[in-house]
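Here's the structure, in structure tokens; my notes come after.
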Amino acid sequence: MNTAHIVSSFDRDLETAQALVMRMGGLVEVALLDAAEALDTRDEDLAARVRAGDAAIDALEDQINTQCALLLALRGPTAGDLRTVLTVMKIAAALERAGDYAKNLAKRTAILSRMTPVAGASGSIRRLAKAVVQMLTDALDAYIRRDVKLAEDVRARDREIDQMYNSIFREFLTHMMEDPRNIGPCMHLHFIAKNIERVGDHATSVAEQVIYLVTGALPGDERPKVDSTGTGT
């Protein structure tokens with residue numbers, strides 16, 4: 001009876017941590033989409049709400065880390081249970097970084113709203129953000145379902161995000177060459193695009209953690225990258 005009670009308590013505590021992860025993921029997804037919308041529509045109020053909302057994302061990561069630390073200290077999980085706790089912590093860390101990138105995107109909105117718009121640029125950014133958010137959504141779904149196939153699909157999609165980013169980078173170069181007045185706004189827009197591309201990297205990291213959780217090993221092959229801009233990843 002005592003053993004059954006301990007196992008039941010561990011499961012409840014772990015479910016709590018996992019529920020916090022999913023709540024955190026939802027906040028990050030909304031922050032990214034709202035930040036992209038704020039940029040596209042030049043909505044400084046929405047951008048300000050995205051920046052303010054980052055505190056809630058950080059607070060959830062703190063809660064998750066505290067919950068997982070207690071699980072490790074008091075429950076002494078082993079094997080699959082230990083992998084689950086470690087995976088939860090790593091996913092939370094990836095989501096926190098993605099939230100930071102959403103906040104950084106929103107910070108640029110106020111600056112760009114005072115600059116001459118670059119034709120088509122904010123729409124390209126928004127499409128990139130939507131594709132990355134879909135990756136993140138699918139990575140979290142793969143975690144909940146313990147779906148290795150879906151996780152592998154998310155990991156493969158990182159190449160598509162890189163290609164979208166490369167295309168946007170070339171688009172910005174063209175705008176800057178055509179009109180020097182575009183150099184300032186395009187530099188800010190490139191920073192934003194690079195931040196969103198990095199969120200794709202974190203979504204891929206979540207997918208890799210799912211593979212580790214289910215199989216006990218991280219993918220053995222190098223993550224495919226197609227960044228041809230020379231700006232790093």
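Filtered by the rule that a residue be open to solvent by 40 Å² or more (accessible area, probe 1.4 Å) and under 20 Å from GLN209 (Cα atoms), region 97-109 gives a lone residue, ARG97. Pairing residues of region 76-95 that are in contact (Cβ under 8 Å) with a residue 24 or more places away in the chain with residues that are among the aromatic types (Phe, Trp, Tyr) and surrounded by fewer than 22 Cβ atoms within 10 Å (Cβ to Cβ), at Cβ distances under 9 Å and at least 6 apart in sequence or on separate chains, gives PRO77/PHE10; ASP81/PHE10; ARG83/TYR212; THR87/TYR212; LYS90/TYR212. Number of residues in region 96-121 that are more than 27 Å from MET24 (Cβ to Cβ) and touching a residue at least 24 places away in the same chain (Cβ under 8 Å): the value is 10.
Could you tell me which of the residues ASP43, ASP11, ASP62 is out of contact with any Lys or Arg (no Cβ under 6 Å at 6 or more places or on another chain), surrounded by fewer than 15 Cβ atoms within 10 Å (Cβ to Cβ), under 27 Å from ALA129 (Cα atoms) and acidic (Asp, Glu)? Just a single option satisfies the conditions, and that option is ASP62.
Out of the residues in region 110-138 meeting the condition of being in a helix (DSSP H, G or I) and among the hydroxyl-bearing types (Ser, Thr, Tyr), tell me which one is surrounded by the fewest Cβ atoms within 10 Å (Cβ to Cβ).
THR137
Of the residues that make up region 6-25, is at least one among the small types (Gly, Ala, Ser), in contact with a Leu (Cβ under 9 Å, 6 or more places away or on another chain) and within 17 Å of TYR143 (Cβ to Cβ)? So far as region 6-25 goes, yes, one or more of its residues are among the small types (Gly, Ala, Ser), in contact with a Leu (Cβ under 9 Å, 6 or more places away or on another chain) and within 17 Å of TYR143 (Cβ to Cβ). Exactly one residue among LEU14, LEU86, LEU72 is over 23 Å from the mean Cα position of the chain (by Cα), at pLDDT below 95 and closer than 17 Å to LEU213 by Cα, and that residue is LEU72.
State all residues of region 139-149 that are open to solvent by 30 Å² or more (accessible area, probe 1.4 Å) and touching a helix residue (DSSP H, G or I) at 6+ places or on another chain (Cβ under 6 Å); if no residue qualifies, say none. Lay out the reasoning, then the answer.
Pass one, region 139-149, residues open to solvent by 30 Å² or more (accessible area, probe 1.4 Å): 141, 144-149.
Listed by number, the residues that qualify are ARG146, VAL148.
Here is the figure for region 16-35: residues that are open to solvent by less than 60 Å² (accessible area, probe 1.4 Å) and either farther than 30 Å from ARG146 by Cβ or not aliphatic (A, V, I, L, M) (or both) total 6. Looking only at residues of region 193-233 that are β-branched (Val, Ile, Thr), modelled with pLDDT under 95 and in a helix (DSSP H, G or I), we find that the one that is most open to solvent (accessible area, probe 1.4 Å) is THR215.
The values are calculated or read from the model by the stated rules, or taken from the named source; none is laboratory data. These figures come from a predicted structure and were not determined experimentally. Here Cβ is always computed from backbone atoms with ideal geometry, including for glycine, and neighbour counts include all displayed protein chains. We work out accessible area using only protein heavy atoms, side chains counted, and drop any ligands, DNA or RNA first. Shrake-Rupley method; radii C 1.70, N 1.55, O 1.52, S 1.80 Å.
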